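Peer 1: Okay, here's the structure, questions in a sec.
Read-outs: derived from the displayed coordinates by stated rules, not from any lab. None of the values given here were measured: they were computed from a predicted structure. Glycine also receives a Cβ, built like all others from the backbone with ideal geometry; neighbour counts cover every protein chain displayed.
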Amino acid sequence: MDLGIRGRVALVTGGARSLGQADASVLAAEGCRVAIFDLNARAPRRRPRHRGGRRVARGYGCDVRESAQVADAVATATRDLGPIDICVNNAGIIFTMAQLKDTSDADWELNLAVNLTGSYHVTKAVFPGMRERRWDGSSAWRRSPD
Ligand SMILES: NC(=O)c1ccc[n+]([C@@H]2O[C@H](COP(=O)([O-])OP(=O)(O)OC[C@H]3O[C@@H](n4cnc5c(N)ncnc54)[C@H](O)[C@@H]3O)[C@@H](O)[C@H]2O)c1
């Protein structure tokens, strides 16, 4: 498949395992350099680490709930790989969710902090650069008849 994203830099949150790891693998196979932000900084094992002598994926320890950590990780990844063009807000948790009667306020707050606020922090950190480089989808939207 050629999605037309070769050479782009992609960020995948929660990419150290499972669905995020699969996302990172596909993006690497499409020719992207991939930054993985995860509580576990180890980049996934089951995908090419190098292409043509260049490392294609790097892991960055980052808790997406913390805006300062996100800002630091974005700055470091940008220095290592280049400006981020693609953002996959995958980091999330579902294991705390139960029936309403069994859900504690702390579990509810944790879900909101990771799944919602985490996506907000990451998107807010990378979106201005994407927009500057006109890689935010707005040009495609403008072409839409609607
Ligand atoms: N697996 C499913 O069936 C399913 C179904 C619906 C939605 N989802 C959603 O898809 C996403 C991925 O699911 P998964 O099954 O691959 O999850 P997973 O638990 O296997 O992996 C999640 C990854 O996110 C990381 N992570 C968790 N909290 C983080 C934080 N605060 N900061 C940075 N990284 C953090 C973890 O370390 C882990 O590597 C989640 O958002 C989940 O809610 C999954």
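Peer 1: Just grab the label-to-label distance for Asn40 and Phe127, each label 7 Å out from Cα along the Cβ direction, in nm (one decimal).
Peer 2: Computed distance between label sites Asn40 and Phe127 equals 3.0 nm.
Peer 1: Evaluate the distance, in nm, between pseudo-label points positioned 7 Å from the Cα of Arg58 and of Leu3 along their respective Cα→Cβ axes.
Peer 2: 2.1
Peer 1: How much length is gained on full extension from Ser67 to Ser104, taking 0.36 nm per residue of separation minus their Cα-Cα distance?
Peer 2: Numbers: separation 37, 0.36 × 37 = 13.32 nm, distance 2.47 nm.
Contour length minus Cα-Cα distance gives 10.8 nm.
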